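The values are calculated or read from the model by the stated rules, or taken from the named source; none is laboratory data. Everything quoted here is computed from the prediction, not taken from an experiment. Cβ coordinates were reconstructed from backbone atoms using ideal geometry, including for glycine residues, and neighbour counts include every protein chain displayed. Quick note on the areas: whole protein, heavy atoms, side chains included, nothing else; ligands and nucleic acids left out. Shrake-Rupley method; radii C 1.70, N 1.55, O 1.52, S 1.80 Å.
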Amino acid sequence: MVQAEPVTITGSLDNRFTDNARRVSTNEQSDLETRVGVSFQHVKDPGRCNSNLNGRVGYGYWLDDTFDPELYTDAGFQGSCELAHGLDWTLSDRLSDVSQDTRRPDVPDNTTRKNVFTTGPRYTLFLTQRDQLQFSLQYQNTEFEEPEQTDSDRVIGSAAWNHLFSSTLTAGLSASANQAELDTGVEIDRNTASITFAKSWSTTDLEGSLGVSEIETKFGSGSQKSDALVGDLSINREINPSADFFFTVSRELTDQTSDFDFQFGDFEFNLSETEAVEVTALSTGIQKLFSDGSTVSAGISASRSDYLTSEIKEDRVGLNLLGNRPLNSRISLTSSLRLNYLTFEEDDSEDSIVAFDVGVSYTLSRDLGLNARLGHERRSSDVSSREYQENWLLVGLSYRFL
């Protein structure tokens, strides 16, 4: 029998006052942004066709016209349908706001909307009870809202063999060919061969890959090739019934029009730079639930972007702390702290960002909630024009329709 989770739809109305809307070092301007948003979620599984839809869409208006009215998006869809035994057709779409230049602050005139659409068949052939072959062919289209950003079309073909050594250990081989054509006329071809593995214990899951990759960028009559050792590793461990630990690391040859930044949420491409890039990204953290209902999570992230055609390198290290403490059945206190350290080899500069906020949420009824938050953000830099300070206050209302 096919089952599906009920559709969840929640509306929100937020008013956020800031004393430095543009996040600039001089001539600060205060403003009030009113943002109306809708968040949604729906899962259909199991069945012949399965899908997962979730996201948030909002519209923001600035009282003193510091920025034009803005549409905010962060939504994703994943789905697959069984066409025949072993043959599936997959489809996914990811829409999100991303930064254009990582050296500038995260404000509306430094963001663009990125949409990555992927679809294609996947065929699984069971050779034995322990061995299977899987083939897939995907078409992927990436588009940015800003016309000066680079769009692309790509075809991705892959083949993999997996062997079940035991009920808890699987390993195999995989190969993929990725051919992208950018609207600038540049072509980027990437070929990768890897060993894959997955192992599970009673409280720990481990999976990853290790291989080699070659990327070739063709522009006009010229071309440039690069190769590297690539792979990824993911560990999820239940420390005890109230605490979980995770660790993820990845190294990949890719380009700005890929979906790597959606897969690795703490990473940001610098869209003002060249196309081919070698990315190393890491994320680790812990989540803890206490007996009084309080929760604490701590995470560390790091990434390096090596833009191959220009040899520009950017590094980012970050620390995130989040806490939530319920005072009673209706009132909860929240707090967060974010530290980021960035280095830019192009101009030999270093930036540091410190941001923190405290808030309170009040449940008026089963569907209606009120929240308020007060925050501060400061950026220090070797380049004085990138420095800023911002204080802000947010008051919001949310209502669950479904």
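Computed in the context of the full set of protein chains, the accessible area of the chain at 1.4 Å probe radius has 55% of its extent on carbon or sulfur. Of the options (1) 73, 22, 19; (2) 36, 29, 22; (3) 52, 23, 15, only one is semi-axes √(5λ) of the Cα gyration tensor in Å as computed from these coordinates, and that is (2).
Spacing of the modelled spin labels on S166 and K218, each 7 Å from Cα toward Cβ, amounts to 4.8 nm.
A simple charge model with +1 on the Cβ of Lys and Arg, -1 on the Cβ of Asp and Glu and nothing else charged puts the dipole of the range 209-355 at about 1060 debye relative to its Cα centre.
When the alpha carbon gyration tensor of the range 1-41 is reduced to an equivalent ellipsoid, the three semi-axes, largest first, read 40, 11, 4 Å.
Placing R0 at 41 angstrom, the Cβ-Cβ distance between F135 and S242 gives a FRET efficiency of 0.45 after rounding to 0.05.
Between R48 and Q287, the simple spin-label model (points 7 angstrom out along Cα→Cβ) gives 3.5 nm.
Highest-first packing order for the peptide set 74-82, 218-226 is 74-82, 218-226, based on the mean count of other beta carbon atoms within 10 Å.
Partner lysines whose Cα lies under 26 Å from the Cα of K313, excluding those fewer than 8 positions away in the same chain, are identified as K114, K218, K225.
Here the range 1-73 yields Rg over Rh of 1.25, to two decimals, using C-alpha coordinates and the Kirkwood radius.
Magnitude of the charge dipole for the chain, about its Cα centre and with charges confined to Cβ atoms of Lys, Arg (+1) and Asp, Glu (-1), is about 2040 debye. The residues of the chain have, on average, 53 Å² of accessible surface per residue, using a 1.4 Å probe with all protein chains present.
Given their separation in residues at 0.36 nm each and the Cα-Cα distance between them, R366 and E82 gain 98.4 nm when the chain is fully extended.
A dipole drawn for the range 92-185 from +1 and -1 charges on Cβ atoms has a positive end, and of S174, P108, G157 the residue lying farthest that way is S174.
Taking R0 as 56 Å, what's the FRET efficiency between N27 and F126 from their Cβ-Cβ distance, rounded to 0.05? Rounded to the nearest 0.05, the efficiency is 0.25.
Within the range 1-98, list the trypsin sites (Lys or Arg not before Pro) lying in a DSSP loop whose Cβ has at most 15 other Cβ atoms in a 10 Å radius. Within the range 1-98, the qualifying trypsin sites (Lys or Arg not before Pro) (loop, at most 15 other Cβ atoms within 10 Å) are R48.
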